[in-house]
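Here the structure comes first, spelled out in structure tokens, and everything after it is commentary.
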Amino acid sequence: MRWFLSLATTAILVFAVATPVNAGYIIIRIILEGSSGGGADASHAGPGMISGGGTPNLGLGQRPIGGPGGSGGSAGGPPGKLGGPGGMPGTAPPTTHIATDPARSVVVVVPIEEDLSFSAPFYPKRPLNLETNPTWRPKLHTTYRGEKYLTNLFTDGSSIQLYTDRIQYPTPKKTRLTEVKELHAKWTKAKTDPSKTDPTLILLTALKSALAVGMIEDAVAYSDELLAFAGEKPDGLPVDVAAFVAAYGKMQKGIKGAATKPSKAENWQLKLGANNLLTQHHFALISWDATAAELKRRSDILEENFKAFFLWHATRGIALTVPDVPLLVVLPKNGNDVLALAKALDAPARLVADGFYSPENELLVLSPNRLDDVGMTFVRQTQQMYQAGISRDKLLAGDGPKLSVNKPNDGKKPEEVALMQTTALVELLVEDAATACAVSREGSRQLFYETRLLPKYVILPEWLNYGAGSFFARPKEPAFITSGAGKSLMHIATETGYGVPNYALQRYFKDLLDKKDLNPDRTVLLKNILTDAYFHGLRDLKDVHDPDPVKIDHSGIAIGSTGTPTAPATPGPGLGSGGLYGSRPPTGGPGSPPMGSGSMMGGFNPPGMGGANNPSKQEEDANVIKRKKRDRLAIKAQATSWALYYYLAKARPVELQNYLNELAAMPRDLSLEGATLPAFYRAFNLDGSKESLDKFAQSWLEFLHNDAPEGIDITLTEPKTAAPTGSTPMGPGYGPGAGIKP
């Protein structure tokens with residue numbers, strides 16, 4: 001997930017330390033090398049989109065297996081990160097930088113509640129031995145979905161980087177998860193010793209906070225407590241609490257129970273030629289070769305999203321009709337089958353997640369693996385690790401092969417096994433992050449349609465369809481951007497959940513504003529969104545009347561909208577096949593470094609190497625610029641759609657519902673081109689004049705400006721080249737990070 005390691009999964013990580021001496025978050029970044037060498041062709045997909053063709057093959061195919069590849073890089077840790085200057089003790093310092101695409105990496109944010117400077121035997125169940133079982137640090141103890149894991153963490157500053165920027169966030173002994181628990185404890189105390197603050201408001205705040213960080217089961221428990229308490233105190237409830245209680249009271253049984261009516265699952269199982277059907281709670285899962293453990297994992301994530309969707313609406317005082325028929329979910333064998341199903345079921349040509357929802361067929365299709373280049377590369381590289389017969393379960397239990405510190409023929413070095421354990425942990429979290437991302441986006445779209453919040457048989461504007469889907473989406477990876485000073489940044493969130501901004505799209509939207517990539521005439525900007533001008537422009541790069549993010553001077557050098565020539569031959573983050581929900585969009589836009597020749601974006605030559613006097617170079621530059629414009633336009637289409645829908649859903653829900661009602665009344669299955677703009681004006685009481693649209697746009701942008709950022713920027717450290725061979729091996733007790741002071 002993420003696998004880009006999953007930001008979305010952090011909300012369900014709990015660390016097995018009774019009284020934390022330290023708390024916060026560590027960020028693990030695995031840098032990939034090489035290309036995917038296969039998978040869906042996304043060369044024209046644009047960020048956030050995965051495209052593929054081929055003849056539909058419903059029910060056939062095999063899971064992908066590992067191939068040549070492997071993560072590159074070696075020793076050399078950046079100052080300020082785990083490992084300290086120079087990386088692992090005993091290795092020679094690196095001398096040069098590796099030219100990398102920052103976006104070709106997987107990232108996870110992991111909450112911690114323990115002292116990472118503590119040393120213990122590498123294998124805790126074996127006797128301490130300086131040669132065959134030395135001490136190691138840092139160690140990470142986690143409990144994830146009910147299973148306990150132990151990981152000897154590894155970093156070399158090159159292939160694996162650990163960032164400790166948030167190691168004491170929000171305070172030295174708290175995480176956002178523990179803050180939610182403290183809010184609930186405050187409510188428990190306030191019940192018996194009321195203060196000036198109504199105790200029900202404290203619990204409602206705890207409930208919303210639990211949703212915001214992905215603690216869904218806790219949010220359900222808090223909802224039950226609030227409903228029960230309100231039953232004992234029916235009068236005098238605060239307005240927000242009363243609205244929640246009324247809405248949740250109508251939905252509680254349906255949310256916590258199971259669907260009671262038969263579905264069309266057996267018909268679809270027969271039609272698709274699938275082997276298995278599992279009906280559980282609110283979903284019917286159609287599959288071929290998925291294991292029982294995989295089906296349970298998917299079912300759990302689907303149910304969490306289901307509960308969160310209805311609970312969030314309850315916090316807004318909205319009571320929805322909970323479906324009493326199991327919702328249909330298809331789990332194909334591999335990614336190629338997902339793309340074939342997308343074509344057969346008339347899904348969009350470009351997917352924005354590792355799966356899709358087909359409203360016409362009422363089917364949610366989830367990929368068993370990531371469909372983007374970065375995700376597939378990571379899977380191939382990790383699969384090689386298991387070919388020697390060492391299982392992921394064994395590694396995550398803190399176990400592994402025989403160790404030998406100084407005699408390589410007698411076993412593996414501790415750092416080799418620590419690297420394997422760290423990678424296994426990342427892989428585990430990444431899988432859930434990718435699934436949570438697809439379910440929260442496409443699964444929420446399924447719920448939007450099943451609850452009739454979105455009209456099922458009307459061809460909706462693309463901005464509305466995309467904005468609604470991204471509203472609940474939990475991004476599986478950071479936003480990668482370039483700062484004004486030319487620094488590569490990754491924008492991460494410590495947790496992801498419901499009811500808060502989509503941190504990746506929020507950051508991209510701010511980047512568009514900061515770099516003046518949006519039309520300065522806000523009326524034109526608003527109309528561009530409402531008429532799908534940015535999405536239409538993606539198909540043939542139509543002029544959408546916005547500042548040109550990429551220009552060329554007479555020498556053929558690319559110029560950003562800031563007027564600054566982009567640095568030739570300086571590799572920058574490239575574009576994977578998935579973008580915001582599949583892989584990464586390019587970091588920059590105007591003023592960003594151009595993409596290196598190894599990225600999808602191509603490369604730029606330095607002055608004197610092409611331009612006006614070189615026709616072939618002119619043609620190459622034109623193609624590069626066309627691709628870069630398309631990529632930046634894709635970011636613009638996605639970020640602006642989310643930004644507008646987020647504002648309407650949070651600040652103007654009644655008018656938004658009026659707009660959806662207007663669309664629902666329009667002719668079925670016909671293009672609404674030209675009809676949606678007047679419908680929007682009517683729903684939001686706009687007369688269509690520049691004055692009224694300017695006023696509306698100003699309110700929208702002010703709302704977004706005042707909304708606190710959900711994520712934070714982390715400056716990326718450039719990875720180093722490999723240390724010379726023959727370096728002194730790591731000594732006992734010195735894991736990559738010895739001496740760390742969290």
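A short reminder: the numbers here are calculations on the coordinates, not readings from a lab. Just so you know, these numbers come straight off a predicted model, no measurement behind them. Don't worry about glycine lacking a Cβ; one is built from the backbone with ideal geometry, like all the others, and counts go over all protein chains shown.
Using R0 = 35 Å, the C-beta based FRET efficiency linking HIS536 and ALA664 works out to 0.90.
Kindly rank 466-478, 299-311, 179-191 from highest to lowest mean number of other beta carbons found within 10 Å of each residue. Write down the numbers at each step before the final one.
Details: 466-478: 28.7, 299-311: 22.3, 179-191: 16.5.
Ranked by mean Cβ neighbours within 10 Å, highest first: 466-478, 299-311, 179-191.
Ranked by the mean number of other Cβ atoms within 10 Å of their residues, highest first, the peptides 508-516, 23-31 come out as 23-31, 508-516. Shown in residue order for the stretch 714-719 are the 3J(HN,Hα) couplings computed by the Karplus curve 6.51 cos²θ - 1.76 cosθ + 1.60 at θ = phi - 60°: 10, 6, 6, 9, 5, x Hz (x for Gly and Pro).
Calculate the FRET efficiency for ASN623 and ASP514 from the Cβ-Cβ distance with a Förster distance of 41 Å, rounded to the nearest 0.05. Result of the calculation: an efficiency of 0.90. A simple spin-label model places the labels of SER699 and LYS487 3.8 nm from each other, with each point 7 Å out along Cα-to-Cβ. The phi torsions of the stretch 481-492, fed into the Karplus equation with coefficients 6.51, -1.76 and 1.60 and a -60° offset, translate into couplings of 9, 10, 6, x, 8, x, 7, 7, 10, 10, 9, 10 Hz, rounded to whole numbers, with Gly and Pro shown as x.
Working from label points 7 Å from Cα in the Cα-to-Cβ sense, the VAL654 to LYS271 distance is 4.1 nm. Using the Cβ-Cβ distance between ASP224 and ALA293 with R0 = 35 Å, the FRET efficiency computed as 1/(1 + (r/R0)^6) comes to roughly 0.75.
Separation of the stretch 155-206 from the stretch 247-270 is 34 Å, based on Cα centroids. Peptide packing: for 623-631, 264-272, 155-163, the average count of neighbouring Cβ atoms within 10 Å per residue gives the ranking 155-163, 623-631, 264-272, highest mean first.
What is the sum of charges around ALA206, taking Lys and Arg as +1, Asp and Glu as -1, for the other residues whose C-beta is under 10 Å from the C-beta of ALA206? Once positives and negatives cancel, what remains is -1. Close amide H partners of VAL330, meaning residues 5 or more places away or on another chain with modelled amide H under 5 Å apart, are ILE286, LEU364, VAL365, LEU366. With the simple model of a label 7 Å out from the Cα in the direction of the Cβ, ALA708 to ASP193 spans 2.7 nm. Listed values for the stretch 249-259 are Karplus-derived 3J(HN,Hα) couplings in whole Hz (6.51 cos²θ - 1.76 cosθ + 1.60, θ = phi - 60°), namely x, 7, 10, 4, 4, x, 5, 8, x, 9, 4, and x replaces Gly and Pro. In this structure the amide hydrogen of ASN22, modeled in the peptide plane, comes within under 5 Å of the amide hydrogens of GLU114, ASP115, none closer than 5 places in sequence on its chain.
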